[in-house]
1. Every residue in segment 199-226 that is within 25 Å of P273 (Cα to Cα) and surrounded by fewer than 22 Cβ atoms within 10 Å (Cβ to Cβ), please.
2. Is it the case that some residue within segment 96-105 is of a type in the set (G, A, S), open to solvent by 50 Å² or more (accessible area, probe 1.4 Å) and touching a residue at least 40 places away in the same chain (Cβ under 8 Å)?
3. I'd like to verify a number: residues in segment 254-285 that are among the acidic types (D, E) and either open to solvent by less than 10 Å² (accessible area, probe 1.4 Å) or touching a strand residue (DSSP E or B) at 6+ places or on another chain (Cβ under 6 Å) (or both), how many?
4. On the basis of being under 24 Å from I304 (Cα atoms) and open to solvent by less than 30 Å² (accessible area, probe 1.4 Å), does W119 make the cut?
5. Of these, A205, A195, A241, A225, which one is among the small types (G, A, S) and under 30 Å from D310 (Cα atoms)?
6. Would you mind telling me which numbered condition in (1) modelled with pLDDT of 95 or more; (2) basic (K, R); (3) under 23 Å from the mean Cα position of the chain (by Cα) R60 fails?
7. So which residues in segment 123-165 are over 21 Å from S81 (Cα atoms) and of a type in the set (D, E, K, R)?
8. Would you please name the residue that is nearest to M158 (Cα to Cα), looking only at residues in segment 81-129 that are touching an Asp or Glu at 6+ places or on another chain (Cβ under 7 Å) and assigned to a strand (DSSP E or B)?
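The values are calculated or read from the model by the stated rules, or taken from the named source; none is laboratory data. Fair warning: this is a prediction, and the values are worked out from it, not measured in the lab. Glycine gets a Cβ as well: all are built from the backbone with ideal geometry, and neighbour counts include every protein chain shown. Side chains included, ligands, DNA and RNA excluded: accessible areas come from the protein's heavy atoms. Shrake-Rupley method; radii C 1.70, N 1.55, O 1.52, S 1.80 Å.
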Amino acid sequence: MAIQPDSIALWTIDWMSLRAEFLRLGVRVFLKRRSREFNLETWRSNMHATEHLVPHPPARCRTTQVKVGPRTLYRIETDRSDRKRNLLYLHGGAYVSGGPTHYRHFTWRMADTFRACVWALEYHLAPEHPFPAALDDAMAAYTWLSQNTPEGGQLFVMGDSAGGGLTLGLLMRLRDEVKPLPVAAVALSPWTDLALTGASLASNAASDPMLNVHHLPVFSDYYLAGADPRSPYASPLYGDAGGLPPVLIQVGGDEILRDDAVRMAEKLQSHNPRTRLEVWPRMPHVWQLFVPFLPEAGKAIAQIGEFIADVR
């Protein structure tokens with residue numbers, strides 16, 4: 001079933017997108033790795049070196065570290081947070097890197113947008129902890145939240161990139177195990193197909209200013225460690241979308257993962273018409289993280305807030 005026109009938001013470039021053009025150039029120069037070779041230690045070292053550049057949240061934000069067995073959650077709340085509304089956030093990083101620290105400038109904004117407490121999960125990373133370790137962590141964190149947040153409250157799940165795929169895999173596993181589902185979910189530039197069959201992997205390889213298509217097989221191999229790349233819990237594109245809550249998917253039109261998002265949205269909407277896909281022209285991978293520099297990031301966050309208001 002094709003996505004209906006009123007379910008797709010295609011945002012046009014306006015004068016404010018001059019910043020977006022500078023951003024595209026900057027990330028292409030400084031972030032996109034042209035080499036086909038990939039070195040995990042260098043990748044992680046570079047990620048670690050950028051942690052101090054991530055802006056700290058404002059004074060009205062409170063961050064608390066919470067241990068849930070061997071897992072760590074960071075509870076982020078602002079003066080707008082309602083403790084009866086809770087959001088599990090699953091970070092990106094191709095399953096091999098990243099963590100909540102890289103999102104501290106973003107997760108407090110999600111706390112404002114959702115008017116909720118955000119719980120950012122520090123899940124185990126591949127290749128040391130391959131599939132299904134990240135999903136097991138997400139499942140344990142969500143189950144703990146469902147049991148330790150106020151009765152009658154609302155739960156949401158959100159993730160970006162690999163965390164977006166993990167969000168969708170979590171929904172499928174919750175449904176399959178007959179566990180309570182979240183009210184809604186949000187996936188930003190989700191990686192939904194670790195079998196790497198999307199046409200945009202080739203068609204957008206040159207135009208994507210951030211991701212190197214040659215690195216994706218390496219990330220996939222690290223995470224799967226021999227598991228079936230079409231396992232629905234690893235690649236939700238191959239799963240049954242029946243019985244899932246509404247999902248908002250945002251993706252950039254030039255991304256190599258564009259078709260991961262579009263095909264996933266088609267599948268989700270065939271079962272739940274409240275699912276929404278937004279394809280934003282010329283936006284880089286997970287551009288929402290470039291708030292407040294990028295006007296389109298603020299607009300995208302506002303759209304997330306509107307979606308949540310509509311479905312709850």
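1. Residues of segment 199-226 that are within 25 Å of P273 (Cα to Cα), as a first pass: 199-200.
Residue satisfying the conditions is A199 alone.
2. Step one: filter segment 96-105 for residues of a type in the set (G, A, S), giving 97-99.
Keeping just the survivors that are open to solvent by 50 Å² or more (accessible area, probe 1.4 Å) gives none.
So far as segment 96-105 goes, no, none of its residues is of a type in the set (G, A, S), open to solvent by 50 Å² or more (accessible area, probe 1.4 Å) and touching a residue at least 40 places away in the same chain (Cβ under 8 Å).
3. Our first condition is that a residue be among the acidic types (D, E); within segment 254-285, this holds for 254-255, 259-260, 266, 278.
Pick out the ones that are also either open to solvent by less than 10 Å² (accessible area, probe 1.4 Å) or touching a strand residue (DSSP E or B) at 6+ places or on another chain (Cβ under 6 Å) (or both) and you get 255, 260, 278.
Looking only at that region, the number is 3.
4. Values: under 24 Å from I304 (Cα atoms): yes; open to solvent by less than 30 Å² (accessible area, probe 1.4 Å): yes.
In short, yes.
5. On the way: A205 fails: under 30 Å from D310 (Cα atoms); A195 fails: under 30 Å from D310 (Cα atoms); A225 fails: under 30 Å from D310 (Cα atoms).
Of A205, A195, A241, A225, the one residue that is among the small types (G, A, S) and under 30 Å from D310 (Cα atoms) is A241.
6. All conditions are met except number (3).
7. Hits for segment 123-165 are E128, D136, D137, D160.
8. Residue satisfying both the conditions and the ranking: L121.
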